[in-house]
Amino acid sequence: MLKKFLSIFCLIALLLPAMAQPPRGGRPTGPSSASPIVHQDNTVTFNLNAPHAKSVVISAQFAPKTEMQKREDGIWTITLGPVVPDIYPYCFEVDGIAVQDPQNPDWFPNEGFKNSMVDVRGTEPLYHEVRSVPHGKVDYVNYYSETLGLHGNAIVYTPPTYDKNLDKKYPVFYLISGTTDTEEVYFKVGKMNLILDNLIAEGKAKEMIIVLPYGNPAKYYPAGTNTFAMGDLFSKDLLNDLMPYVEANYRTLNDRDSRAIGGFSRGGNQGLAFGLTNLDKFSYLCSYSSFTSMTLPDVYDNAKKTNKKINLFWLGVGTDDFLYGNAKEYAEFLDSRGIRNVQEYTTGMFGHTWMNARYFLVKTFPLLFNKEASAEAMSKSTAVKPKGKQAPVQTPARPAAPARDGQRLTPELMAKLFPPGVVSPEYNADGSATFRVLAPNAEKVEFECQMFEGVKPMVKGDRGVWSVTVKPDQPDIYPYSFIIDGTKIADPNNVEIFPNEGYKASLADVKGPEPDFQDLQKVPHGKVSYTWYTSNAVGFDRPVCIYTPPGYDPADSKKYPVLYLIHGMTDTYETWFKVGKVNNILDNLIAKGLAEPMIVVMPYANPYPEMILRGQAKMYNPMDTQLTTKEFTESVVPFIEANYNVLTDADNRAIAGFSLGGRQTLACGLGNPDMFHYVCAFAPAIFGPEISANFENGTYAPAAEINEKMNLVWLSCGTSDFLYQSSLQLEKNFKDRGIEHKTMYPGGGHTWMNCRDYITAVAQLLFK
């Protein structure tokens with residue numbers, strides 16, 4: 001079903017005069033400046049275009065809050081440091097409102113706040129950096145949870161040899177993130193995959209599978225659901241649904257000596273509580289900046305029995321962590337009960353941070369599933385030697401500890417750290433959605449969404465919560481933002497965010513009475529995997545997302561065709577997955593027999609940010625398609641064909657892309673008809689004279705060769721798209737040259753709503 005859509009949110013580039021038609025919802029007009037900029041001396045410059053702001057403060061985890069200075073061009077700027085190498089969250093406070101860096105695609109996945117991330121590197125590579133070593137994969141998986149009555153999310157890391165040593169089984173570490181964090185945080189912020197890749201390459205850690213569950217399953221349910229009445233949903237889901245899913249779909253060792261569990265903050269509490277009450281399933285326990293109950297039955301009252309079952313009981317916390325008092329008290333309790341454990345205390349501005357969590361991973365990975373190393377670490381335990389069965393555990397007294405004031409979890413502190421939540425968006429039974437934002441000091445709050453033209457005013461209610469209820473003309477996924485006293489922000493309470501280099505918007509998924517192809521349905525699901533390849537074009541390792549269809553097994557002899565899919569300008573390699581929902585679309589089409597099972601490869605088509613950081617380029621040149629073509633033909637395609645079960649002839653290769661990605665698709669696909677026999681351009685950024693020039697200068701192959709070799713040349717564009725006239729010119733050029741092609745011109749603009757329709761239509765034509 002084709003949909004009618006409104007104006008543009010994801011635009012192609014105001015950097016280019018020919019394309020400078022600033023539609024509603026795109027990047028702000030006027031001057032811009034890159035941000036953040038990490039200099040060679042480890043100072044960091046932050047820039048924000050906010051010409052109407054009265055005050056802008058930088059709030060970064062490595063420095064006190066500091067006022068930024070406004071330039072004549074409306075850019076607020078500051079340079080801080082030098083900064084100790086690490087990854088740090090930060091945000092701008094614009095007239096008191098926390099704002100992500102619009103130009104930084106790296107953000108902190110969280111249910112309750114929106115921070116960006118800055119990666120400050122040292123002269124020597126840190127363990128969380130991308131190195132030229134064999135890389136594992138990070139799979140985004142959906143599993144059906146009978147406990148929850150719906151699909152759950154999880155992330156699964158598999159080590160570098162997993163797809164090569166097809167008979168080998170691996171131990172599993174269940175790693176849980178903290179309060180308000182999502183299942184992505186240990187991957188996107190904790191960098192557990194890169195840390196382990198590097199430790200494995202140095203021979204310092206065993207290969208293992210890591211599973212990242214979502215620690216707050218209550219978030220799956222509609223607002224107002226009484227999840228407390230359902231009991232411990234997390235533990236039930238983990239035991240009865242996620243663990244069986246992992247063990248059925250991955251090559252795992254399923255004995256207690258091959259399972260570990262742990263986590264950070266709330267996740268550490270959940271991991272310890274679950275692990276200690278399931279010592280028949282786990283023998284490695286890791287707590288990072290956390291503690292758990294001292295009254296678990298049959299755990300603490302028989303130290304000899306408990307110690308016999310635990311290979312590693314590791315506890316880490318910073319002395320300046322607000323949970324230090326609680327964590328230290330728990331460690332001392334274990335010592336007093338004779339429960340052997342390893343304690344690690346950090347000092348010096350670590351606190352309750354993911355810098356600490358990464359450090360703890362570096363310390364514990366070498367101990368996991370290594371009985372010699374874990375035994376040596378445990379031999380240094382300060383626990384008292386147990387003398388027979390201990391008396392039943394009583395809730396210990398908690399006398400005041402002046403030295404730990406402010407480093408203990410209290411109701412007052414909980415209220416400060418986690419104020420009453422704001423539900424946004426809330427999806428209503430009539431197909432409308434209610435959006436809310438907490439802004440008690442704001443004078444004016446507006447709602448901007450791709451459902452409608454212009455903006456809608458929001459109404460201030462209790463506690464300073466502003467709200468608005470809107471109903472789209474039809475169900476779909478819509479980008480939206482709040483405008484608070486002129487400052488545009490993403491929804492702080494919505495974990496769904498639009499991956500982009502140039503703006504920050506949230507996503508509202510308004511569903512209809514019947515599921516659409518983009519919706520997660522109860523059908524067999526493929527996987528979306530993140531991994532890294534070595535780019536010969538630029539000389540360093542680069543990220544890529546890869547969809548493998550349901551049933552794909554590297555141990556199987558079956559081979560699959562491949563679609564190479566390119567995002568638009570300012571988008572990232574995640575956009576086709578997180579906004580375009582190409583994985584759901586293909587899962588559903590394949591289940592209905594409407595599309596051939598295929599692999600979809602989604603590279604990051606913009607290497608310039610890293611090139612600039614490395615001194616290989618001075619500025620971004622989006623119009624140059626030669627670099628992209630070289631990257632695809634010499635690095636991406638060979639990497640896929642060396643590491644996946646794919647068909648390697650041109651009849652089984654397709655390339656498609658949106659906007660700037662459409663421009664790159666035409667250059668790479670029509671320029672290499674011996675490599676790709678399906679070329680599909682969605683609203684391509686190609687203009688007038690360029691079209692003929694590309695045929696004349698060899699960027700595209702001659703028309704006769706294209707007609708001879710191509711199985712499909714496809715062009716689609718919305719009739720309200722600012723690139724519609726250019727698309728018509730391209731089609732005319734095809735007609736004049738006699739190039740056979742298919743077209744699709746729905747209503748709507750330069751939107752990802754249209755893109756989802758394009759890929760739904762095209763996927764049904766490929767490889768048939």
Seminar exercise, completed: Checked 768, 709 against criteria (touching a residue at least 40 places away in the same chain (Cβ under 8 Å) and touching a Pro at 6+ places or on another chain (Cβ under 6 Å)); the one match is 709
Seminar exercise, completed: Restricting attention to the range 44-76, the residues that are among the polar types (S, T, N, Q) and over 27 Å from the mean Cα position of the chain (by Cα) number exactly 3
Problem set entry | Hits in the range 718-768 - residues which are within 18 Å of residue 450 (Cβ to Cβ) and among the hydroxyl-bearing types (Ser, Thr, Tyr) | 719, 720, 724, 751, 758
Problem set entry | Output for the range 94-144, where each listed residue is polar (S, T, N, Q) and closer than 16 Å to residue 488 by Cβ | 100, 103, 104, 116
Exercise. Which one is farthest from residue 561 (Cα to Cα), of the residues in the range 603-650 that are at pLDDT 95 or above and among the small types (Gly, Ala, Ser)?
Worked result: 635
Exercise. In the set 165, 110, 115, which member is in the same structural domain as residue 289 (by TED's automatic domain parsing) and either touching a residue at least 24 places away in the same chain (Cβ under 8 Å) or surrounded by fewer than 22 Cβ atoms within 10 Å (Cβ to Cβ) (or both)?
Worked result: 165
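At pLDDT 95 or above, outside any loop (DSSP other than H, G, I, E, B) and closer than 30 Å to residue 54 by Cβ: which single residue out of 447, 365 fits that description?
Details: 365 fails: closer than 30 Å to residue 54 by Cβ.
From the options 447, 365, the qualifying one is 447.
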For this session: Could you list, in sequence order, all residues of the range 654-697 that are part of a helix (DSSP H, G or I), over 16 Å from residue 755 (Cα atoms) and among the β-branched types (Val, Ile, Thr)?
Result: 691
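Residues checked against (1) assigned to a strand (DSSP E or B); (2) touching a helix residue (DSSP H, G or I) at 6+ places or on another chain (Cβ under 8 Å); (3) under 26 Å from residue 215 (Cα atoms):
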| site | (1), (2), (3) |
| --- | --- |
| 114 | no, no, yes |
| 126 | no, no, no |
| 142 | yes, no, yes |
| 157 | yes, yes, yes |
Exercise. Among 720, 716, 726, 692, which is the only one that is touching a residue at least 60 places away in the same chain (Cβ under 8 Å) and either under 22 Å from residue 577 (Cβ atoms) or in the same structural domain as residue 624 (by TED's automatic domain parsing) (or both)?
Worked result: 720
For this session: Examine the range 473-483 for a residue that is of a type in the set (Gly, Ala, Ser), touching an Asp or Glu at 6+ places or on another chain (Cβ under 9 Å) and farther than 23 Å from residue 551 by Cα, and state whether such a residue exists.
Result: yes
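Here is a yes/no grid of residues against (1) within 24 Å of the chain's Cα centre (by Cα); (2) crowded, with 24+ Cβ neighbours inside 10 Å; (3) more than 30 Å from residue 166 (Cα to Cα):
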| residue | (1), (2), (3) |
| --- | --- |
| 257 | no, no, no |
| 267 | yes, yes, yes |
| 277 | no, no, yes |
| 305 | no, no, yes |
Exercise. Taking the range 80-107 as the search range and keeping residues that are in a strand (DSSP E or B) and among the acidic types (Asp, Glu), which one is surrounded by the most Cβ atoms within 10 Å (Cβ to Cβ)?
Worked result: 86
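Out of all the residues in the range 585-604, is one or more aliphatic (A, V, I, L, M), touching a strand residue (DSSP E or B) at 6+ places or on another chain (Cβ under 7 Å) and over 22 Å from residue 525 (Cα atoms)? Before you say what the answer is, go through the steps one by one.
As a first pass, look at the range 585-604 and keep what is aliphatic (A, V, I, L, M): 585-586, 589-591, 594-595, 598-602.
With the extra rule that they be touching a strand residue (DSSP E or B) at 6+ places or on another chain (Cβ under 7 Å), the set shrinks to 586, 598-602.
Of the ones still in play, those that are also over 22 Å from residue 525 (Cα atoms) are none.
No, the conditions are met nowhere in the range 585-604.
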For this session: Within the range 663-685, identify whether any single residue is basic (Lys, Arg), surrounded by fewer than 21 Cβ atoms within 10 Å (Cβ to Cβ) and touching a residue at least 24 places away in the same chain (Cβ under 8 Å), and answer yes or no.
Result: no
Problem set entry | the range 279-303 - residue that is within 21 Å of residue 359 (Cβ to Cβ) and not hydroxyl-bearing (Ser, Thr, Tyr) and, of those, surrounded by the most Cβ atoms within 10 Å (Cβ to Cβ) | 286
Exercise. What number of residues in the range 51-65 are within 16 Å of residue 486 (Cα to Cα) and touching a residue at least 40 places away in the same chain (Cβ under 8 Å)?
Worked result: 4
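For a quick check of your reading: which strands (runs of 3 or more DSSP E) sit entirely within the range 468-585 and have at least 1 residues that are in contact (Cβ under 8 Å) with a residue 40 or more places away in the chain and over 22 Å from residue 163 (Cβ atoms)? Break it down into steps so the answer makes sense when it comes.
Details: elements: 476-484, 487-489, 506-510, 527-534, 541-548, 562-566.
Once the strands (runs of 3 or more DSSP E) in the range 468-585 are filtered for at least 1 residues that are in contact (Cβ under 8 Å) with a residue 40 or more places away in the chain and over 22 Å from residue 163 (Cβ atoms), what remains is 476-484, 487-489, 506-510, 562-566.
Of everything in the range 41-65, what is surrounded by 13 or more Cβ atoms within 10 Å (Cβ to Cβ) and more than 12 Å from residue 94 (Cβ to Cβ)? Give them in sequence order. Walk me through it before giving the result.
Going through the range 41-65, the residues surrounded by 13 or more Cβ atoms within 10 Å (Cβ to Cβ) turn out to be 42-51, 53, 55-63.
The answer is 42, 43, 44, 45, 46, 47, 60, 61, 62, 63.
The values are calculated or read from the model by the stated rules, or taken from the named source; none is laboratory data. Not measured: the values here are computed from a predicted model. Positions of Cβ are backbone-derived with ideal geometry, glycine not excepted, and every protein chain shown enters the neighbour counts.
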